[in-house]
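In what follows, a single structure is set out as structure tokens and then discussed.
Here, each number is a calculation from the coordinates, and none is a lab measurement. Keep in mind that what you see is a predicted model, and the values were worked out from it rather than measured. Cβ placement follows ideal geometry from the backbone for every residue including glycine, while neighbour counts extend to all protein chains displayed.
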Amino acid sequence: MTISHSLENGIAEVVMCNPPVNALDVAGWFELANLVRSLGANPEVRVVVLAAEGRGFNAGVDIKEMQRTPGFEALIGANRGCYAAFAAVYECEVPVIAAVHGYCLGGGIGLVGNADVIIASRDATFGLPEVDRGALGAATHLARLVPQHKMRAMVYTSETATAEELFRYGSVLRVVERESLREAAREVAAKIASKSPTVIRAAKQSLNGIDLMDVKRSYRFEQGFTFELNLSGVADEARNAFVDKRDAKFSK
């Protein structure tokens, strides 16, 4: 797995690359969290662009790691890692621009929903397949991307929304062709980087301060139900079915 970064003209670019689907393992989530926080604390950084290589932006947690690890260690690690990464994006001292292509699922929604600005390629889709995996979480962040009833329908059905839909809702700033995605994100980043860094950092803190939702507490509440589902045994069957590439068989 590779999470790389570069810095030029005040613009830090963080790129996730973890084939085949950009699902991050426990260590990867913490690595991403630490990197985003360190870049935000760097006075040379004025804005962060979060992007990815490969087929899609992010497919969430590494379910295979979870299933091959005895006990609940990987589950707890994934939950803590996601919590840390989502919080790092939200609390980053400078604005974070998410450049999203292909699929953005599960943990990807947590990252993008906590970003300040979203640029998406025309092929981007957004969704929470958590119900199909016997888990819950990141509805907090999906609710920042789509209206309330749309969010509920997406959670219950595991269906996705397109970049064009999110553009109409106002959560995606621009929809561009895939080959232009990173350039479009850097264009917006350059506009932000041209402003007073002192003012921009104050603006980020100010906007977080007037947010209507405490995203950290709300997401932590959701995570509690994931632990309940694991204790009930439902989640294991859902994850095993996913790894085995078969339909889950639920007795309850």
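Among 176, 49, 100, whose mean-square fluctuation peaks in a Gaussian network model of the chain (Cα, cutoff 10 Å)?
176
For the chain, divide the Cα radius of gyration by the Kirkwood radius and give the resulting Rg/Rh value with two decimals.
Radius of gyration over Kirkwood radius for the chain works out to 0.96.
Is the C-alpha gyration tensor of the stretch 1-94 telling us rounded, prolate or oblate? Criteria: a/c under 1.5 is rounded; beyond that, a/b larger than b/c is prolate, otherwise oblate.
Values: a/c = 3.07, a/b = 1.69, b/c = 1.81.
Since a/c reaches 1.5 but b/c is at least a/b, the shape of the stretch 1-94 is classed as oblate.
Given a Förster distance of 35 Å, report the FRET efficiency between residue 211 and residue 123 from their Cβ-Cβ distance, rounded to the nearest 0.05. Display every interim value, and only then the final one.
Numbers: r = 30 Å, r/R0 = 0.86.
Once rounded, the FRET efficiency stands at 0.70.
What shape does the stretch 138-213 take by its C-alpha gyration tensor, where a ≥ b ≥ c are the square roots of the eigenvalues and a/c under 1.5 counts as rounded, a/b above b/c as prolate, and the rest as oblate?
Details: a/c = 3.42, a/b = 1.37, b/c = 2.50.
Oblate is the answer for the stretch 138-213, as a/c is 1.5 or above yet b/c matches or exceeds a/b.
Give a residue-ordered list of calculated ³J(HN,Hα) values for the stretch 122-137 (Karplus: 6.51 cos²θ - 1.76 cosθ + 1.60, θ = phi - 60°; whole Hz; x for Gly, Pro).
With the stated coefficients, the stretch 122-137 comes to 4, 8, 6, 10, 10, x, 10, x, 4, 4, 6, 9, x, 9, 9, x Hz.
Give me the percent of Cα-Cα pairs in the stretch 124-173 that sit more than 13 Å apart, rounded to a whole number. Could you put the intermediate results ahead of the total?
On the way: 635 of 1225 pairs.
Pairs farther apart than 13 Å: 52 percent.
I'd like the distance separating the alpha-carbon centroids of the stretch 177-252 and the stretch 1-35, in whole Å.
Measuring centre to centre over Cα atoms gives 15 Å.
Hand me the GluC sites (Glu not before Pro) from the stretch 4-108 located in a DSSP loop with no more than 13 other Cβ atoms within 10 Å, in residue order please.
Values: sites: 8, 13, 31, 44, 53, 65, 73, 91, 93; in loops: 44, 53, 93.
For GluC sites (Glu not before Pro) across the stretch 4-108 that sit outside H, G, I, E and B with at most 13 neighbouring Cβ atoms in 10 Å, the list reads 44.
In the neighborhood of residue 126, defined by Cβ-to-Cβ distances under 12 Å, what is the net charge if each Lys or Arg adds +1 and each Asp or Glu adds -1?
Details: positive: 144, 150; negative: 123, 159, 164, 165.
The answer is -2.
Take the cross-link list 64/249; 64/216; 64/191; 150/249; 64/204; 150/245 and give me the ones stretching past 30 Å between alpha-carbons.
Numbers: 64/249 19 Å; 64/216 26 Å; 64/191 41 Å; 150/249 27 Å; 64/204 37 Å; 150/245 28 Å.
From the list (64/249; 64/216; 64/191; 150/249; 64/204; 150/245), the Cα-Cα distance tops 30 Å for 64/191; 64/204.
If you take the beta carbon distance between residue 250 and residue 164 as r and set R0 to 51 Å, what does 1/(1 + (r/R0)^6) give as a FRET efficiency, to the nearest 0.05?
Result of the calculation: an efficiency of 0.90.
Send over the per residue convex hull volume for the stretch 184-245, Cα only, as a whole number of Å³.
Numbers: hull volume 9.0 nm³, N = 62.
Taking only Cα atoms, the stretch 184-245 has a hull volume of 145 Å³ per residue.
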